[in-house]
Amino acid sequence: MKINIEQSFDQITDYWSPKVISRVNDQYVKIAKVKGTLTWHNHKDEDELFLVVRGRLRMQLEGEEIELNAGDMYVVPKGAMHNPVADDECWVMLVETVTTKHTGEVDTPMTKSIAQQLG
């Protein structure tokens, strides 16, 4: 199935609300518009890939911060506490195992279930 990434982002209206656009084996490919801060969390058993499509994202990790610009990719290792932050609107693509919970075991008003991400 052919997917136009730009048009897919046009469908995103809420920040921090990832949408599944494809599945590759047991991985979801998701896109999200982000702005502000999400929450400190981890994914105990899953790595999480972030690819910045547009804008700038700061990945806060314990003891360091990594700045990602358009075209940059970073894999948060499983178990690593992290907090993504975007001062301005940023478009990201994520690749995550289908079992990956949005904010790990942390539940916030911004947390989206897998069902919401598939919707």
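Here are the criteria: (1) open to solvent by 20 Å² or more (accessible area, probe 1.4 Å); (2) without any contact (Cβ under 8 Å) to a residue 60 or more places away in the chain. Tell me which single one Glu89 does not satisfy. That leaves (2) as the condition not met. Within the stretch 75-100, the set of residues being under 27 Å from Gln7 (Cα atoms), over 11 Å from the mean Cα position of the chain (by Cα) and not aliphatic (A, V, I, L, M) comprises Asp87, Asp88, Glu89, Thr97, Thr99.
Of all residues in the stretch 63-74, those satisfying the criterion of being exposed (fewer than 13 other Cβ atoms within 10 Å of the Cβ) and either within 14 Å of the chain's Cα centre (by Cα) or assigned to a strand (DSSP E or B) (or both) are Glu64, Glu65, Glu67, Asn69, Met73. A residue that is among the hydrophobic types (A, V, I, L, M, F, W, C), in contact (Cβ under 8 Å) with a residue 40 or more places away in the chain and in a strand (DSSP E or B) cannot be found anywhere in the stretch 102-114.
The values are calculated or read from the model by the stated rules, or taken from the named source; none is laboratory data. The shown structure was predicted, so the numbers you read here are calculated from the model rather than taken from an experiment. Positions of Cβ are backbone-derived with ideal geometry, glycine not excepted, and every protein chain shown enters the neighbour counts. SASA here: full protein model, heavy atoms, side chains in, ligands and nucleic acids out. Shrake-Rupley method; radii C 1.70, N 1.55, O 1.52, S 1.80 Å.
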